[in-house]
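K.L.:
Before I ask anything, let me first share the structure, which is written out below as structure tokens.
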Amino acid sequence: MRCKRCRGPAVVEVRRHNAAFCKECFPGVFTEQVRKAIRRFEMFGRDDRVLVAVSGGKDSLALWDVLLDLGYDATGLYLGLGIGEYSDRSHDATEAFARERGAELRVVDLADEYGYDIPTAGREGSRSTCAVCGLSKRYAFNAAALDGDFDVIATGHNLDDEAATLLGNTLRWNTDFIARQSPLLPGRDGFVKKVKPLHRLSELETAAFAFLRGIDYVVEECPLVAGNTQLRYKEAMNAIEATSPGTKAQFFLGYLDRGMPLFAQDDVVLRPCESCGHPTTGRFCAFCRARAQVLDRRLEGPGIEEVPDEDRDVARSLSDEVMPVEIYGRTT
Amino acid sequence: MKVKLRNPDRQVDLPGGRPIREVLDELGIDGDTVLVIRDGELVTRHEQVGDDDELEVRPVISGGSR
């Protein structure tokens, strides 16, 4: 195979474009897609302070790399989830990248900051491990962005992530979530703007970019992810893509062009959570309810208090309420 | 030919003298879900591999909630 641009030997094949690229040209092709996403959705500008949520994986480090290369003011944020050696290696990868690029990395440890880690939450809470992990990340990222006075949070969600999420939400007709599955969620009422600049690029492309750029990312998968619903949707999309290249892009990018306007967004009224002050639609935000359940504590305003034995079911009943913090996105 | 597979890490020996896509087919791996690395370089599924080659087949799918 030959590179579409220079006719040199190709190393990356992008079947949905019926194209292939060499190791010199592909990083530029990749970067151009990120620039296009930033431009089209007016995600951020040169004067904005961008907080990049970095996990140590290929997507988030590739995103950070591109944003730094393009000259944006991009600070990394690593959230320690407490998942044993996997978290240790992930933390090391983000630290090493930041050192090499001379970039600023902020680190928040979930256990230090909020009193629990993800394995504990998976055991003690009523939600699945991945659900409580996602909820914790969204909350902690937003809190860190507010605390650091950042203009926008950028995450490494790629085309495969977005197509799989859209598939899951469509299968369930979660119309509220479908309406909000945009690569740009504007900031409002205590929520910092969130963007997904890699949404036009597949996992294969982000992995190839990270490899060609010499980024030492964590290849291993999270040990708690087995059986995750999102993975099953990805496998289903990949099975279709194998015989019909371009289906994922048509599904998600076509949704952005023609589908999203058909789904009306409710104008949700937000008010401060009585425990933490973050925006929510009920008395307590979903994060505080989940945290209270995991810690087996009672929710009070302000804060979370020790719960007497006779009231241990309070947190559990509260956790069954709606999850308003998820107006800022959800993976199925 | 030695093929290193990841997640979990393991190694299998397979005959070379064929394109990589045939090796992936034999392993039941969708070529759009992996990087294939030979001698530290990415290669496409159309490349021919020999009996003395060593390949790393690295999955690109990440999951979970983010």
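K.L.:
Taking the stated definitions as given, is residue A:89 within 14 Å of chain B (Cβ to nearest Cβ) and at pLDDT below 95?
P.N.:
No; evaluated as a whole, the condition is false for this residue.
K.L.:
Across the stretch A:64-96, what is the number of residues that are buried (at least 21 other Cβ atoms within 10 Å of the Cβ), among the aliphatic types (A, V, I, L, M) and within 17 Å of residue A:47 (Cα to Cα)?
P.N.:
3
K.L.:
Okay, next question. Conditions: (1) more than 7 Å from chain A (Cβ to nearest Cβ); (2) surrounded by fewer than 19 Cβ atoms within 10 Å (Cβ to Cβ); (3) over 30 Å from residue A:138 (Cα atoms). Residue B:46 meets all but one. Number of the miss?
P.N.:
Failed condition: (1).
K.L.:
Looking at (1) under 25 Å from residue A:180 (Cβ atoms); (2) modelled with pLDDT under 95; (3) within 11 Å of chain B (Cβ to nearest Cβ), which is the only condition residue A:221 fails?
P.N.:
Tallying (1) under 25 Å from residue A:180 (Cβ atoms); (2) modelled with pLDDT under 95; (3) within 11 Å of chain B (Cβ to nearest Cβ), residue A:221 fails exactly one: (1).
K.L.:
Take the residues in the stretch A:163-207 that are within 12 Å of chain B (Cβ to nearest Cβ) and among the aliphatic types (A, V, I, L, M); name whichever of them is farthest from residue A:239 (Cα to Cα).
P.N.:
Applying the first criterion (within 12 Å of chain B (Cβ to nearest Cβ)) to the stretch A:163-207 yields A:164-165, A:168, A:194, A:196, A:198, A:201-207.
Going one step further and asking which of them are among the aliphatic types (A, V, I, L, M), we end up with A:164, A:198, A:201, A:204, A:207.
Values: A:164: 12, A:198: 22, A:201: 18, A:204: 15, A:207: 19 Å.
Here the residue is A:198.
K.L.:
Answer yes or no as to whether residue A:210 is at pLDDT 95 or above, farther than 20 Å from residue B:34 by Cα and within 18 Å of the chain's Cα centre (by Cα).
P.N.:
Details: at pLDDT 95 or above: yes; farther than 20 Å from residue B:34 by Cα: no; within 18 Å of the chain's Cα centre (by Cα): yes.
Here the answer is no, as residue A:210 does not meet what is asked.
K.L.:
In addition: Contact list please: Cβ distance under 8 Å, first residue in the stretch A:137-161 and more than 12 Å from every other protein chain (Cβ to nearest Cβ), second residue of a type in the set (S, T, N, Q) and in a strand (DSSP E or B), pairs at least six apart or on different chains.
P.N.:
A:148/A:75; A:150/A:75
K.L.:
For residue A:123, state whether it is more than 14 Å from every other protein chain (Cβ to nearest Cβ) and under 23 Å from residue A:223 (Cα atoms). Spell out the reasoning first.
P.N.:
Values: more than 14 Å from every other protein chain (Cβ to nearest Cβ): yes; under 23 Å from residue A:223 (Cα atoms): yes.
The answer is yes for residue A:123.
K.L.:
Can you find a residue in the stretch A:249-261 that is within 14 Å of chain B (Cβ to nearest Cβ), under 20 Å from the mean Cα position of the chain (by Cα), at negative phi and not aromatic (Phe, Trp, Tyr)?
P.N.:
So far as the stretch A:249-261 goes, yes, one or more of its residues are within 14 Å of chain B (Cβ to nearest Cβ), under 20 Å from the mean Cα position of the chain (by Cα), at negative phi and not aromatic (Phe, Trp, Tyr).
K.L.:
Condition first: out of contact with any Asp or Glu (no Cβ under 9 Å at 6 or more places or on another chain) and either of a type in the set (Asp, Glu) or exposed (fewer than 15 other Cβ atoms within 10 Å of the Cβ) (or both). Now tell me which residues in the stretch B:22-39 satisfy that.
P.N.:
Listed by number, the residues that qualify are B:22, B:25, B:26, B:27, B:28.
K.L.:
So, one more: Among (1) more than 14 Å from every other protein chain (Cβ to nearest Cβ); (2) at positive phi, there is one condition residue A:227 misses while meeting the rest; what is its number?
P.N.:
Only one criterion in (1) more than 14 Å from every other protein chain (Cβ to nearest Cβ); (2) at positive phi is unmet by residue A:227, namely (1).
The values are calculated or read from the model by the stated rules, or taken from the named source; none is laboratory data. Keep in mind that this is a model prediction, so the values were computed, not measured. Please note: Cβ atoms are built from the backbone with ideal geometry, for glycine as well, and neighbour counts cover all protein chains shown.
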